[in-house]
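A quick write-up on the structure given underneath.
The values are calculated or read from the model by the stated rules, or taken from the named source; none is laboratory data. These numbers were taken from a predicted model, which means no experiment stands behind them. FYI the Cβ positions are ideal-geometry reconstructions off the backbone, even for glycines, and counts take in every protein chain you see.
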């Protein structure tokens, strides 16, 4: 999709007309350049109450000498905020038909630059499909959608760069979705690493380093190695660095990247196991965020680590009862091989300390317990720093991606460190509070500043995206599959939060 900004009253292709509830006619400010026949049709529809303009509702007018139009609801004007504009923009793309054509012109009556930008953002985010594996007839092929936003002369200078930023961030969201949606026979640890390596070549300020299986074994990355050693497709760690020569500390992002999760020896039930291709959603979020930052020209230092493995059962796979030694030197009693994401993250989190980051955020489709607790509506959010947790929560609220604060209680930490034969255990003592005990386990591998024994832990947050990275049917920014959740949250946190 291409979105451009233009002052003036020309209408190219289908007119997109956002309206508030209670609108009885085309606002006078939008009448210029509008064909009398089309204006009359719209006014009759509104006057008869055939279009209520409820939020995300649409009505198409196709046919007639006056041209084509799509009415889109913004809801009640008193309740309308930037999130409503974003949802309305997404509704346009969700309901666009071939008859509307690929040229669209949106015009607003009272919207601010930020609100028009959010409308364009919603269109950009929703303009996504994953059809790389489908054959298409030439008759079904369409040109890219070309959207023109009409605005006032004084708004053009502010709106144009804002939309370019939204487009860059949306490219990161779409990359995250592509990675998550890719079938596991084509998206495996080395394939992810190769894609990251090739991606970095387009940016002078991006470096990608790959730690392969042999190097991970030599370094003592016992968590990463144990999870991936049962697969012929061996694990690896991918390190991203943006503007690494900048002085000072920068954020560090860490992602769980299980490209397919059978559960290992603790085999999952067969039903819906195909969805386990999404178990690398944390790493997809990290990669997508780096794309968003790099493509929009962010000048600050940001580093990231993705922990890639395929969890398969085999004669060489880890077993329940094994004890593994991680990069930190701490040992883990493996009670269930399906609690594997936390094992790869144990090495990723410890490795993150080498970069002396400002803070660490990890992303993982970690627990079904988090889906039980929060459904598909919110990401679970834990942190060792209350102020930092609040910053992330507020960043999510700012972009319409809810991250819900969850408890990191001492009792959970005690539960995860009471193994009789190892420093930690990878499973709680019972089924209760499983998302909380998982977070408490991860906290054991967050390093102190400069790895000082008695120093303070680096500020850290854990985001469990198991319920929000896929299956989130109420997320109007995506039609199906991987959502690309929290690329926008973290972009906002890093650039504005």
Point to revise | Residue in the stretch 152-159 that is outside any helix (DSSP H, G or I) and over 22 Å from residue 471 (Cβ atoms) present | key: yes
Practice item. Taking residue 154 as the residue in question, decide whether it is free of Cβ contacts under 8 Å to residues at least 12 places away in the same chain and either more than 20 Å from residue 295 (Cβ to Cβ) or in contact with a helix residue (DSSP H, G or I) (Cβ under 8 Å, 6 or more places away or on another chain) (or both). Key: yes
Study note, to complete from the structure: All conditions in (1) surrounded by 24 or more Cβ atoms within 10 Å (Cβ to Cβ); (2) touching a strand residue (DSSP E or B) at 6+ places or on another chain (Cβ under 8 Å); (3) under 24 Å from residue 124 (Cα atoms) are true of residue 491 except (2)
Review point. Which members of the stretch 206-228 meet the condition of being in contact (Cβ under 8 Å) with a residue 60 or more places away in the chain and surrounded by fewer than 20 Cβ atoms within 10 Å (Cβ to Cβ)?
Key: 219, 220
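So that you can scan it fast, the table gives a plain yes or no per residue for (1) more than 20 Å from residue 361 (Cβ to Cβ); (2) in contact with a strand residue (DSSP E or B) (Cβ under 9 Å, 6 or more places away or on another chain); (3) in a strand (DSSP E or B):
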| residue | (1), (2), (3) |
| --- | --- |
| 248 | no, no, no |
| 255 | no, yes, yes |
| 266 | yes, no, no |
| 280 | no, yes, no |
| 287 | no, yes, no |
| 300 | no, yes, no |
| 308 | no, yes, yes |
| 318 | yes, yes, no |
Check your understanding: Across the stretch 376-390, which residue is nearest to the chain's Cα centre (by Cα) among those that are farther than 17 Å from residue 443 by Cβ and crowded, with 16+ Cβ neighbours inside 10 Å?
Key -> 379
Check your understanding: When you go through (1) crowded, with 19+ Cβ neighbours inside 10 Å; (2) part of a loop (DSSP other than H, G, I, E, B) one by one for residue 463, which number turns out not to apply?
Key -> (2)
Exercise for review: Within the stretch 330-365, track down each residue that is out of contact with any helix residue (DSSP H, G or I) (no Cβ under 9 Å at 6 or more places or on another chain) and farther than 23 Å from residue 241 by Cα.
Suggested key: 333, 335, 336, 338
Exercise for review: Would you mind telling me which numbered condition in (1) out of contact with any helix residue (DSSP H, G or I) (no Cβ under 6 Å at 6 or more places or on another chain); (2) outside the structural domain of residue 259 (by TED's automatic domain parsing); (3) assigned to a helix (DSSP H, G or I) residue 162 fails?
Suggested key: (1)
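Do we find that residue 187 is touching a helix residue (DSSP H, G or I) at 6+ places or on another chain (Cβ under 7 Å), part of a loop (DSSP other than H, G, I, E, B) and surrounded by 22 or more Cβ atoms within 10 Å (Cβ to Cβ) in this structure? First the steps, then the outcome.
On the way: touching a helix residue (DSSP H, G or I) at 6+ places or on another chain (Cβ under 7 Å): yes; part of a loop (DSSP other than H, G, I, E, B): yes; surrounded by 22 or more Cβ atoms within 10 Å (Cβ to Cβ): yes.
Yes; evaluated as a whole, the condition is true for this residue.
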Study note, to complete from the structure: Note on residue 271: of the conditions (1) free of Cβ contacts under 8 Å to residues at least 12 places away in the same chain; (2) in a strand (DSSP E or B), unmet is (2)
Review point. Does at least one position in the stretch 321-343 carry a residue that is out of contact with any strand residue (DSSP E or B) (no Cβ under 8 Å at 6 or more places or on another chain), more than 25 Å from residue 436 (Cβ to Cβ) and surrounded by 20 or more Cβ atoms within 10 Å (Cβ to Cβ)?
Key: no
Point to revise | Residue ranges of helices (runs of 4 or more DSSP H) in the stretch 28-127 with at least 3 members within 27 Å of the chain's Cα centre (by Cα), surrounded by 15 or more Cβ atoms within 10 Å (Cβ to Cβ) and at negative phi | key: 82-95, 113-126
